[in-house]
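The values are calculated or read from the model by the stated rules, or taken from the named source; none is laboratory data. This is a predicted model, so every value here is computed, not measured. Quick reminder, even Gly has a Cβ in these numbers, built from the backbone with ideal geometry, and neighbours come from all protein chains shown. In case anyone asks, the SASA skips ligands and DNA or RNA and just uses the protein heavy atoms, side chains included. Shrake-Rupley method; radii C 1.70, N 1.55, O 1.52, S 1.80 Å.
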Amino acid sequence: MRSVLALTAVASLLCGCGARHDRGTWPLPGGNLAGTRAASGSPIDAGSVARLHVRWRFRFTSKPSFSGSFASTPVADRDTVYVQDLRSNVFALDRGTGALRWERRFRARNDGPNGLAVEDGRVYGATDADAFALSADTGEVIWRRRLTSRSEQFVDVAPVAWQGIVFLSTVGYAPLGRGAIYALDAASGAVRWKFVTIAQPWRHPLEAGGGGLWYPVSVDSSGRLYAGNSNPTPWGGSPKRPNGAAFPGPVPYTDSLIVLDARTGRLLWHDQVTPHDVRDYDFEATPILATAGGTDLVLGAGKAGRVIAWDRGTRRRLWSVGVGLHRNDVGPLPRRRVTVCPGLLGGVETPMAYADGRLYVPVVDLCGPGSAVTQQQLTSVDPARGRGRLIALDAKTGKTAWERLLPSPDFGCAAVANDVVFTSTYDGTVYALRARDGAILWRSRMAAGVNACPSVAGDVLLVGAGVRRSSGAPAELVAFDLR
């Protein structure tokens with residue numbers, strides 16, 4: 001149920017010579033409008049990554065939510081890092097020292113992933129119900145816009161800013177919920193357009209709900225917006241309405257890639273990955289826009305553990321690949337209880353990364369019980385029982401280049417800096433892997449567990465650890481840089 005600004009570094013620093021350089025930025029949750037999660041202007045590479053060490057730490061003190069204290073991607077401009085905790089509070093930190101420059105307290109619980117975007121002197125984000133814009137210099141509220149309603153119950157997505165527009169989304173829950181994508185005026189917060197991600201009203205509106213985004217959109221150079229939509233609920237079923245009978249039919253546009261005109265919200269095309277989803281298989285990861293083998297691609301994935309590449313020109317699927325464990329994962333569920341893989345918190349849970357013709361996919365191997373007449377509760381799932389993988393796929397063909405098994409679930413997304421791929425796992429381990437073959441080049445253990453995304457801003461690797469352990473270890477944001 002629940003994801004490049006090209007700043008050139010000084011050549012001597014790129015060779016590891018140690019001079020000051022024009023530091024790269026990470027202004028959007030996906031790093032850039034294409035959602036590639038690939039850093040620019042960074043001196044961190046396979047030759048230097050082993051020198052990473054802790055520069056500073058910032059502790060999150062708010063009471064944790066269901067997902068912990070922090071679950072998003074840190075964003076950064078040239079001198080400031082901006083983060084949002086799972087009480088919707090926003091903090092601006094000095095990029096060099098971690099010192100708090102300002103904070104804006106909203107005190108609105110959010111189970112995430114939420115997060116921020118920074119552009120043109122403004123920080124954009126949302127609480128559980130409202131979108132907002134803050135001054136990047138002072139944290140002053142510039143505008144605030146209520147998005148939720150009786151049929152749109154929550155906001156848990158990070159925004160994307162593009163040409164004077166900010167894109168956000170609500171999500172829908174039962175009863176009545178039908179999540180929607182919003183385009184807001186960046187200057188005022190006024191609604192430019194709204195696209196409801198559930199095509200028709202529910203047949204059983206008091207029992208069904210769903211739709212909406214919980215990872216950000218991407219936007220191409222022609223002004224086409226790409227979004228990965230979430231699932232219908234309730235998953236499983238009941239004796240009265242088995243196998244998702246509360247929402248009969250395929251239920252467009254659930255579990256789909258959705259492509260809109262970014263200026264008007266007009267639907268251009270869509271492709272449904274899991275029709276009539278009874279297993280909570282959101283197709284939620286931020287779609288990645290890339291070009292491989294001369295073809296413009298959109299690459300998507302989600303909790304069904306399936307990665308798909310489309311030709312953006314012809315709108316046809318080029319390849320589809322299953323990743324991780326799969327068992328009893330297609331078709332109707334039997335009335336008897338069976339083991340389903342991926343389970344409720346399995347598959348591709350968090351955003352992928354792309355660079356140089358390869359797609360890096362974080363995977364969670366975590367199964368769970370399922371049947372046509374029951375519904376497992378999310379609160380009953382113990383994520384620590386799962387395992388993880390990071391898989392590199394050839395973006396042109398979908399073939400596996402390498403696969404790295406991890407002892408803990410990979411809820412930590414992926415990010416790329418030059419020829420290094422970063423990811424992090426639920427047990428709090430941060431990994432740097434060589435992009436060529438998946439060899440582990442560096443690792444670090446955080447004080448808390450990780451279900452957030454790393455980012456790389458110039459010579460700084462930013463990782464948030466927000467899953468507090470029973471020992472009481474602090475939730476914190478850690479900045480690593482090169483010695």
Checklist entry - With all protein chains present, how much of the accessible area of the chain (probe radius 1.4 Å) comes from carbon and sulfur, to the nearest whole percent? => result 48
Checklist outcome for this item: With no solvent term and unit scatterers on the alpha-carbon positions of region 430-480, Debye gives log₁₀ I(q)/I(0) at q = 0.16, 0.17, 0.25, 0.32 Å⁻¹ of -0.51, -0.57, -0.98, -1.20
Checklist entry - Between the DSSP loop rule and a limit of at most 13 other Cβ atoms within 10 Å, which GluC sites (Glu not before Pro) in region 54-147 are left? => result Glu140
Next on the checklist: Please compute the alpha carbon radius of gyration of region 232-365, then divide it by the globular-protein estimate 2.2 N^0.38 Å. Two decimals is fine.
Outcome noted: 1.12
Checklist entry - In what order, largest first, do Cys453, Cys367 sit by accessible area if the probe radius is 1.4 Å? => result Cys367, Cys453
Checklist entry - How much length, in nm to one decimal, is gained on full extension between Phe66 and Asp382, taken as 0.36 nm per residue of separation minus their Cα-Cα distance? => result 112.5 nm
Checklist outcome for this item: About its Cα centre, region 382-483 carries a charge dipole, from +1 on Lys and Arg Cβ atoms and -1 on Asp and Glu Cβ atoms, whose size in debye to the nearest 20 is 260
Next on the checklist: Please compute the volume of the convex hull spanned by the alpha-carbon atoms of the chain and report it per residue in Å³.
Outcome noted: 124
Next on the checklist: Given the -39500 (n - 2.57) contribution per DSSP H run of 4+ residues, what per-residue ellipticity at 222 nm results for the chain, rounded to the nearest 500 deg cm²/dmol?
Outcome noted: 0 deg cm²/dmol
Checklist entry - Ignoring ligands, DNA and RNA, how do Lys399, Lys194, Lys303 rank by accessible area with a 1.4 Å probe, largest first? => result Lys399, Lys194, Lys303
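Ordering Arg443, Arg483 by how much accessible area each has at a 1.4 Å probe, largest first, what is the list?
So, going from the largest accessible area down, we get Arg483, Arg443.
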Checklist entry - Once both labels are modelled 7 Å past Cα along the beta-carbon direction, what's the Arg327-Arg144 spacing in nm? => result 4.8
Checklist entry - Where does region 211-276 land on Rg(C-alpha)/(2.2 N^0.38 Å)? => result 1.32
Checklist entry - So for region 172-215, what are the equivalent ellipsoid semi-axes in whole Å, largest first, each being the square root of 5 times an eigenvalue of the Cα gyration tensor? => result 25, 10, 8
Item to check | lysines with Cα under 21 Å of Lys399, excluding same-chain neighbours fewer than 8 positions away | outcome: Lys303
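With a cut-off of at most 12 other beta carbons within 10 Å, and DSSP calling the residue loop, which chymotrypsin sites (Phe, Trp or Tyr not before Pro) in region 332-441 qualify? Please list them.
none
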Item to check | trypsin sites (Lys or Arg not before Pro) within region 39-141, DSSP loop, no more than 10 other Cβ atoms inside 10 Å | outcome: Arg107
